[in-house]
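Each value in this text was obtained by applying a stated rule to the coordinates, not by laboratory testing. Remember, predicted model here, so these are calculated numbers, not experimental data. Here Cβ is always computed from backbone atoms with ideal geometry, including for glycine, and neighbour counts include all displayed protein chains.
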Amino acid sequence: MRVTRRSLIAAAAATPLVAGAACAEAPQSNAAHFSMKFAPHEGSFASRGGRIEQIAYAADQGFTAWEDNEAAGRTVAEQTAMAKALASRGMTMGVFVASMPKWGESRPRFGAGDAAERDAFLADIRASLDVAKRLNASRATIVTGFLDPKLPLDIQTARVVDTMRRAGDIVTNSGLTLVMEPLNTRTDHPGVFMQTIAQGFAVATAVDRPGIKVLADCYHEQIQSGNLIPSLGNAWDQIAYIQFGDNPGRKEPGSGEVNYGNIVKWLKSKRYDGVIGMEHGNSIDGRAGEDRLIAAYRAADKV
């Protein structure tokens, strides 16, 4: 099985889940809470132990949310333990991935009208409902597949809209919102269907279901389109989740060219109170890198 970009980010330096969930059970805080719901993931604080220990450490540093793209693939016991750890520290669960493409095969191609691929995707969405309940999660990521070079884009768009509308019907009244993630084609994901926040806005608007929105990953948008704050503003009504990651390198804020302090300031002006996923690695290995990660988010949060 091909290692995905999310697996690399989440598991680069991670250790397995180990005993000791009690570390997360005694509510305590060693630092003031961040004003925004920045969400680390397994691997952000790899030196502190396994997943449960990392959650506890993140809470002690003032983080109030957590993100786990790989959660749907974990055992029920692991999901339950993570949910318990988050609840014990008053932390909000961010996204998990509800359905992931076969990257090496450049599939699915929903625009091609393949009923089997569409139905497999919709089965993933149905399965994600139980995962969301166990994790107390209100957001799950979906990727709208790959382009079919043989078909007009307008035909593909109509078919993607139909597939997403069906997914939206599945999650109606469930409390779960599916967020479509536009991905860049210039560095990481050549050939994907959805490439910009603007395109996500167009599809979500056409789908017209409350359970289908857009995930605005600033790393991808910076590479593909730039102009981040106007891009977010133009699509704001359809954005239901934010992710950070600097460019180049996809590391913490301050390691690249993006002024995340200004983006945080803008998000505060919009009164955004959702989770901001820290979907990136650390620019320095070990505890020095973890300290730098925390400092980077403190700096961005102070604006």
Note to self: With a cut-off of 8 Å between alpha carbons and a minimum separation of six or more residues, what is the relative contact order of the chain in percent?
What the structure shows: 16 percent
Check: Which one of GLU181, GLU252, GLU70 has the biggest mean-square fluctuation once the chain is modelled by GNM with Cα springs under 10 Å?
Finding: GLU70
Notebook entry, point to check: Considering only Cα-Cα distances, which of the following residue pairs are longer than 26 Å: LYS102/LYS265; LYS213/LYS302; LYS37/LYS84; LYS102/LYS150; LYS84/LYS302?
Noted result: LYS102/LYS265; LYS213/LYS302; LYS84/LYS302
Next item on the list: Using a Förster distance of 25 angstrom, determine the FRET efficiency expected from the C-beta separation of ALA115 and SER174, and round it to 0.05.
Entry: 0.55
Item checked: Relative contact order (%) - segment 125-202, alpha-carbon pairs under 8 angstrom, separation at least six -> 38 percent
Checklist line | Residues whose placed amide H lies under 5 Å from that of ARG109, excluding near-sequence neighbours | finding: PHE146
Next item on the list: Quote the FRET efficiency, to the nearest 0.05, computed for ASP291 versus SER35 with a Förster distance R0 of 22 Å and r equal to the Cβ-Cβ distance.
Entry: 0.65
Item checked: For the chain, calculated [θ]222 nm from helices alone, where every DSSP H run of n ≥ 4 adds -39500 (n - 2.57) -> -12500 deg cm²/dmol
Check: In whole Hz, what ³J(HN,Hα) sequence does segment 50-65 give by Karplus (6.51, -1.76, 1.60; θ = phi - 60°), x for Gly and Pro?
Finding: x, 4, 5, 5, 5, 4, 4, 5, 4, 4, 5, 8, x, 6, 10, 8
Check: How do the peptides 72-78, 54-60 rank, highest first, by the average count of neighbouring beta carbon atoms within 10 Å per residue?
Finding: 54-60, 72-78
Next item on the list: Provide the packing ranking of 108-114, 225-231, i.e. peptides ordered by the mean count of other C-beta atoms within 10 Å per residue, highest first.
Entry: 108-114, 225-231
Check: What residues qualify as long-range amide H neighbours of PHE38, i.e. H under 5 Å apart, gap of 5 or more or another chain, H built at 1.01 Å from N?
Finding: THR64, ILE276
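With contacts defined as alpha carbon pairs under 8 Å and 6 or more residues apart, what's the relative contact order of segment 189-260 in percent? Kindly include the intermediate steps, with their values, before the conclusion.
Details: 90 pairs, mean separation 20.2, N = 72.
Result for segment 189-260 is 28 percent.
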Next item on the list: Name the residue, out of THR163, THR187, THR141, whose mean-square fluctuation peaks in a Gaussian network model built on the chain with Cα pairs under 10 Å.
Entry: THR187
Item checked: segment 131-216: mean projected area of Cα convex hull, nm² -> 5.8 nm²
Checklist line | Theoretical gain in end-to-end length, ASN227 to GLU257 [0.36 nm per residue, Cα-Cα removed] | finding: 9.6 nm
Note to self: Using Cα springs under 10 Å in a Gaussian network model of the chain, which residue among HIS220, HIS280, HIS33 shows the largest mean-square fluctuation?
What the structure shows: HIS33
Next item on the list: Using only the Cα atoms, work out Rg/Rh for segment 189-287, with Rh taken as the Kirkwood radius, to two decimals.
Entry: 0.98
Margin query: If Rh is defined by the Kirkwood formula over all Cα pairs and Rg also comes from Cα, what ratio Rg/Rh do you get for the chain?
Written below: 0.95
Check: How long is the gain from ARG165 to THR80 if the chain were fully straight, where each residue apart is worth 0.36 nm and the alpha carbon distance is subtracted?
Finding: 27.6 nm
